[in-house]
Structures are given as C-alpha cells and as structure tokens.
Amino acid sequence: MMRAVNPATGELIREYPEHDEREVAARLAQAEAAFASWSRFDFTERARHLNSVADLLRDSAADFARLMTEEMGKPIAASESEIDKCAWVCDFYAEHAAGFLAAETVATDAAKSLVRYDPLGPVLAIMPWNFPFWQFFRFAAPALMAGNVAVLKHASNVPGSALAIEAAFREAGFPDGVMTTLLVSSERVKRLIGQPAIRAVTLTGSDRAGMEVAAEAGRCLKKAVLELGGSDPFIVLADVDAAEAARQAARARVINSGQSCIAAKRFIVEDEIAERFEDEFVRAMAGLKVGDPMARDSEVGPLAREDLLEALDDQVRRSVESGAQLRTGGERLPRQGWFYAPTVLTGVEPGMAAFDEETFGPVAAVTRARDAAHAVELANRSQFGLGASVWTSDAARGESLAAEIDSGNVFVNGIVKSDPRLPFGGVKRSGYGRELSAVGIREFVNIKTVWIK
C-alpha cells in the first residue's frame, strides 16, 4: 500500500493499493501495443497530442499545483510555476522535435547514405518526489515526440501525482498505453528493468539508486540515463557586491525548500569579502518566511518526509562536531509537520558532512577560498558534478573559470536551472547522459545508419 502524507501536517491524505504482477503485466503489454502504433504517427500528429496535454496542464494548473503541494510540501507558487514549465517543455518539443530528429544525409561512397533517428520502444522512467510533474515531463516530452512510449514508476510518497499525470494524458486524447503509470515499490524496480517490454530506462534520484539501476540496466544491456544528486558550488569572487551575492545565494539555496539536486549547497567565497558575505547571508537566510506551503507568502515549506528531516539534522550535527560554526538555524521547528529552520554553517571544510555529502533541505555550507583558483579547486573537490555557479563582475573571467569546473552545468551570475533549450545532466556521481535540448531527445533513439548503392 502506498501512502500520501501531507508533510505540513503529518496527516494521511490517502492510501493507494500497489499494482499486482498481473496488473503490471497487462499495463506493459498495453505499452508495447501502443508503441507499435504511436511510433508510426508522424511528427505533426504527435505534436498535436503534446500540445493538447500542454493546454490541459495550463487549464488545470491550480488543481495539479495543489496536489503537488499537499503530497510533498513545496510552496504553492513554486508548484504553479512547475506546471507552467511542464506545459512549456511540451510545446517546445512539439515545435522542434521534427527538426532535432530529421534524417541527416552524409556524403560517402554510396549513392546515398544517411543517419536516421528511430524510437526504441517503451522507456521506464523512475522519478523522484521533489518535482513530481517536471521531472517526468522533462523526460516524457522529448521521448514521446521521438516515438517512444513512457512507463512511469513514481516515488511512493506521490502516488496521487503519478495517477494525475496518467489521467491528464488520457484526457488530452493520447492513445491508451502511450503513457502508463505503475504503482510499485522501489523493491520491484529491478524486476521491471528486466522485463522484455522495457527497452531503456531513465532515473532521476540519488547516487545510490543510480548505481542500482545502472547495474541492472547493464546486466540487461539496456540504455540508461541517470540524473543523480548534486552538491552544487556557488562561487563568489571578491569583485562582486557581497550583499547582493548573499541575497542571490539565499534564493539559490532554498529552491524547493532546499530539496533540489541543483539548489546551491556549498558557498565558496574569496577571503577578501567572506566576512561581509557571511553576515549578509546569515541575515538573508534567517529572514526567510517558513510556513504553510499553501500560503502564498511562505518562502520555505516543510521537508517531504520526516526521515529526510532527521537525516538533514544529523548532517548538521556531524558538521558542527567536526568544527563548523552554526550561525543560524540548525534545528527542527517546534510546530506540526516536518519543518527545518533555514541554516547557515560557516568554517566548513572538506571532510565535513556539509561539504562532502549532498544536503537535501535548507542548509547552507560556507567555505572560504584564498583566491579564484582555490575556489575552483574546492568546487571540484566533490564526488558530485551536476551544476555550479560563478558570481563575478567580470563575465569573461567567469566564462573562463566555467571551463575549469567539473560539472554538467555552469551558470555565470545566475542561479542554476534546467531549460528545454539547453542540455541538462551531470558528471561523476551526478550521473550520465543528458536531458532536454536536441541532445536530450537523441538519448532514447536508435541512431541508425542507412547505406544505399
């Protein structure tokens, strides 16, 4: 049984029975049958369907946003923005997929030779709870436009969102089986990957989950794309305004109440302005309004589950025991629900939990650097490599430093975000493969050479 629990109150919303093996088999068979026809739809017809689901998302944005906020606790304004972004990615691929996947003629010794981009089949999407709609649509829009069909295994604490997504595709007129939800536990994923109907797999989740999925996909010789955790560095050079950098830093840290793989987590600041930055950063974080995620003035909501709150608090305590200074926060708030105070740790060094591990919640770790070169060295001293940002008054210098940072995304004077027009993904323990842009849509296709005499 899957349980949706409101993290702002700790109260049960609803229980959902898992799909048994017979139901899973029937849904996979339907997905296979749907692929046989959907893969033959032309781009114009696929685009018409995807535009329809985009329209439905916008029309029902308030209902979908409320559902997300109730199930995982993100502030309601953020939930509404998430739905809008899902509609955007649908419209983006409806418009551009045909061009991204157009056959390419190559001059060879043949009378004609070309490269085709053909769909693979049903793709298993293992998705997390922190962006219940966006993470799926980020995968699904390009995958469906390429002619694949999607099989969603969502996180067990957002089953209502999973079923709402399936219902949206059905209401938008998609053929049965083009988008299928499986309500199954994580323990059953290994068996799912091995099913003959599944041709490839994508996961957004932790590095530990990524290793397990990659191992099983490798054993079955199936393509996998992994978007895993991050411990994103936020590098602040001495030539910027410390107060403004601190305000941006606070915004970057509490994206989705700090529960985002690309939220800034390690704040690496040149010595020259470190003290001013730290004072302003503490003031900005302490001033954030923590409250009911349904209230529009709340800037930070609860953590999604109590065990996540306990794990975050443990990371803070271990960091302080290792010598970090607690400047603000560092405790569970005395109220109903799973709320944690926005927290700033200074004096954080490699070897401390807040530096070495991914912190998933409103906890910021500040580390001082001697100079820009030392800042980059500290940024790269991480097992993760998803996103990074550099803050400097010299954009050219920022671009130069970006080339030296080990991550899949580097933003200069901006907060890291995903954008349908740009590739998204990481290196090291942040995974492999890319989503979004022309690059992402080619992850789940058969890149086929055709040679004609």
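Every number here is computed from the coordinates shown, using simple stated rules; none is lab data. All figures in this text were calculated on a predicted structure; none of them were measured in a lab. Cβ: placed from backbone, ideal geometry, glycine included. Neighbour counts: every protein chain shown.
Observations on the model:
- What the Cα convex hull of segment 1-76 gives, in volume per residue, is 108 Å³.
- Links that overshoot a 32 Å alpha carbon limit, given the list K112/K153; K85/K153; K85/K112; K85/K289; K112/K417: K112/K153; K85/K112; K112/K417
- Straight-line cross-link reach from K223 at under 20 Å between alpha-carbon atoms covers these aspartates and glutamates, not counting any fewer than eight positions away in the same chain: E32, D118, D207, E212, E435, E443.
- Computed Kirkwood radius, in angstrom, where 1/r is averaged over Cα pairs of the chain: 22.8 Å
- Loop trypsin sites (Lys or Arg not before Pro), segment 353-386, which have at most 14 other Cβ atoms in a 10 Å radius of their Cβ (DSSP): R370
- Averaging Cα coordinates gives a centre for segment 298-369 and one for segment 174-225; these two points are 32 Å apart.
- DSSP beta bridges confined to the chain are antiparallel in about 40 percent of cases.
- Ranked list, fewest to most other Cβ atoms within 10 Å of each Cβ, for D314, D55: D314, D55
- Computed over segment 280-367, the P(r) curve from all C-alpha pair distances, binned at 5 Å from the origin, holds 3, 16, 27, 24, 18, 9, 3, 1 percent per bin.
- With bins 10 Å wide beginning at 0, the percent of Cα pairs of segment 232-419 falling in each bin runs 10, 41, 36, 12, 1.
- Largest to smallest principal axis extent of the C-alpha atoms in segment 330-453, angstrom: 73, 42, 27
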